Amino acid sequence: MACETADEQIKRMITQYGDALLRMCCVQLRDAHLAEDAEQETFFKAYQGIAGFRGECGEKTWLMRIAINVCRDYQRKAWFKWVDRRVPVEEITLAGGQPPSPRDDTVLREVMRLPARDREVVLLRYYQDMKLGEISKALGVPEGTVTSRLNRARAKLRARLEGWYLE
């Protein structure tokens, strides 16, 4: 990787992480077209900052942090409240690229109902398969905060899915 040019690195990252970033942006923004824009902006920002990437975290973690910040920037814009963000769950795929099964559909719907901070950690942990330390770096918060958000989200999901999941 050290002998790769910036262009080669970004091309490799697009191939390796593009789908995961697109799914993450789609879930965050709830709009497939905005998600595509956010993914492109993420890679553009990564290209601009590739020389400053020190490798203190994994590439995926670094890219997820950029993508989350891009999505948050979009959500802060005044025009965002006018966007139709009702993406059908069927359009969202899991980390492996497969669509959710009907049983996963209910879980994903409940995850989408979580507050943004709780939803982010659940998506990064279970849908992007990131470790707590990676999530901490991606979100720019202490690992303890990630743990408490994840525990809070699990408790909410457990309460909402209790009768359904434990059948």
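One table, with the values for the structure above:
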item	result
Residue-span extension gain [Arg113 to Lys45] - 0.36 nm each, minus C-alpha spacing	21.5 nm
Listed pairs Lys45/Lys77; Lys11/Lys77; Lys11/Lys60 exceeding 20 Å between Cα atoms	Lys11/Lys77
Alpha-carbon centroid distance for the pair the range 21-70 / the range 121-167, whole angstrom	20
Met130 accessible area, assembled protein chains, probe 1.4 Å, Å²	0
Anisotropy class of the range 118-159 from Cα gyration tensor, a/c 1.5 cut	oblate
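The values are calculated or read from the model by the stated rules, or taken from the named source; none is laboratory data. None of these values were measured; they are calculated from a predicted model. The area values use the complete protein model at the heavy-atom level, side chains included, leaving out ligands, DNA and RNA. Shrake-Rupley method; radii C 1.70, N 1.55, O 1.52, S 1.80 Å.
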